[in-house]
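The values are calculated or read from the model by the stated rules, or taken from the named source; none is laboratory data. These numbers come from a predicted model, not from an experiment. Virtual Cβ from ideal backbone geometry, glycine too; neighbours counted across all protein chains shown. For the accessible areas, the whole protein counts, side chains as well, though only heavy atoms, and no ligand, DNA or RNA atoms are used. Shrake-Rupley method; radii C 1.70, N 1.55, O 1.52, S 1.80 Å.
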Amino acid sequence: MNTQDGKIALITGGSRGLGRSMALHLARQGTGVILTYRSNRTEADAVVAEIAKLGGRAASLQLDTAIVAGFDEFIARLRETLTKTWGRDRFNFLVNNAGVGVHASFAETSEVQFDELMNVHLKGVFFLTQKLLPLIVDGGRIVNVSSGLARFSLPGYAAYASMKGAIEVLTKYLAKELGARKITVNVLAPGAIETDFGGGQVRDNSEVNRFVAANTALGRAGLPDDIGGAIAMLLSPDGGWITGQRIEASGGMFL
Ligand SMILES: NC(=O)c1ccc[n+]([C@@H]2O[C@H](COP(=O)([O-])OP(=O)(O)OC[C@H]3O[C@@H](n4cnc5c(N)ncnc54)[C@H](OP(=O)(O)O)[C@@H]3O)[C@@H](O)[C@H]2O)c1
């Protein structure tokens, strides 16, 4: 049953991994999807084609969320896509998902690594959301993707997790300020999931995978569909009274 006909979601980093699964889950609920990619156009187009096969409607746009100077031009292309594909000038759901992993001990983290993580996970989320506000409908929803690593600490993620912690704080402020427009804002924090993220460690390194499974209540590492499903649940019509919250989807990591 399509419960979300007429709704449109913008998912950053929707070409692979978690964003791809989110796009497919939302499309199955009847939501139109605009997904962005940074460099991997072929994979982005493949997701768009898969959604079309499901009978849904989707489009892909290039965007580097770490470069604020490119946002105005992106928004012009987004407006064109909304008009051309949906005959609309605004959308309903924003999922700030795009991101990269950098593994370095606190002692060895360089300023370049810090800035890369800050730009994509914090500054980009802050200013992209700010610039998109006029395009989000009143009553819309925003989800910021954080990480289990903002709740528990593992060596090597000091800079990454600090940025994720910052968007968790930002989420509460957005929920408060955008409440006047009935826009909900929440954090979805995945645990360790088998994707290309961080060089595909959780998926491809059996030692890491076993470590994650051993420290997870449900006894395995996460899969992209665990997160695609969680987003679809959060953005379903019944999720409208949840705002300013951090929802962790980790199968119970480090409880
Ligand atoms: N996987 C995990 O274990 C895990 C756990 C907790 C949180 N997360 C978070 O979940 C989100 C998605 O991770 P994932 O596992 O799906 O990673 P992934 O499989 O590596 O996919 C990353 C996606 O983000 C895009 N992207 C990367 N840098 C970008 C940039 N500067 N501008 C725009 N798009 C960019 C990529 O586009 P291209 O394909 O064009 O490169 C791709 O679509 C991230 O925010 C990550 O921090 C992941």
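Some observations on this one:
- If R0 is 22 Å, the Cβ-Cβ spacing of residue 108 and residue 169 corresponds to a FRET efficiency of close to 0.25.
- Estimated distance in nm for a label pair at residue 118 and residue 154, the labels positioned 7 Å out from Cα along Cα-to-Cβ: 2.5
- Order by protection proxy (mean Cβ within 10 Å, highest first), peptides 128-138, 158-168, 19-29: 19-29, 158-168, 128-138
- Portion, in percent, of the accessible area of the chain that falls on carbon or sulfur, probe 1.4 Å: 54
- From the Kirkwood radius over Cα pairs of the chain, Stokes-Einstein at 20 °C and 1.002 mPa s returns a whole-number translational diffusion coefficient of 117 µm²/s.
- At q = 0.11, 0.13, 0.17, 0.18 Å⁻¹, base-10 log of I(q)/I(0) for the range 67-176 (Debye sum, equal scatterers on each alpha carbon): -0.41, -0.56, -0.85, -0.92
- Of the peptides 51-57, 115-121, 210-216, 237-243, the ranking by mean beta-carbon count within 10 Å, highest at the top, reads 115-121, 210-216, 51-57, 237-243.
- Less than 5 angstrom separates the built amide H of residue 187 from those of 144, 245, 246, 247, all sequence-distant by 5 or more or on a different chain.
- Estimated 222 nm signal from helices in the chain, with DSSP H stretches of n ≥ 4 weighted -39500 (n - 2.57), rounded to 500: -12000 deg cm²/dmol
- The phi-based Karplus calculation (6.51 cos²θ - 1.76 cosθ + 1.60; θ = phi - 60°) puts the 3J(HN,Hα) values of the range 50-63 at 5, 5, 4, 5, 6, x, x, 10, 8, 8, 10, 9, 6, 7 Hz, whole numbers, x for Gly and Pro.
- Greater than 27 Å apart at Cα, pairs in 53/182; 123/176; 131/172; 84/131; 7/176: 53/182
- Hz values of 3J(HN,Hα) by residue in the range 147-156 - Karplus curve (6.51, -1.76, 1.60), Gly and Pro given as x: 7, x, 5, 7, 9, 10, 10, 10, x, x
- Taking a point 7 Å from the Cα of residue 72 along the Cα-to-Cβ direction, the residues of the range 108-126 with backbone N closer than 18 Å to it are 124.
- Taking every DSSP beta bridge that has both ends in the chain, the antiparallel portion is near 5%.
- Furthest towards positive pole of dipole, 117, 137, 104, structure part the range 104-155, Cβ charges: 137
- Between helix 158-178 and the chain: long-axis angle, C-alpha atoms, 0 to 90°, nearest 10: 30
- Once both labels are positioned 7 Å from their Cα atoms along Cα-to-Cβ, the gap between residue 225 and residue 49 label points is 2.2 nm.
- Surface per residue (accessible, 1.4 Å probe) for the chain, Å²: 48
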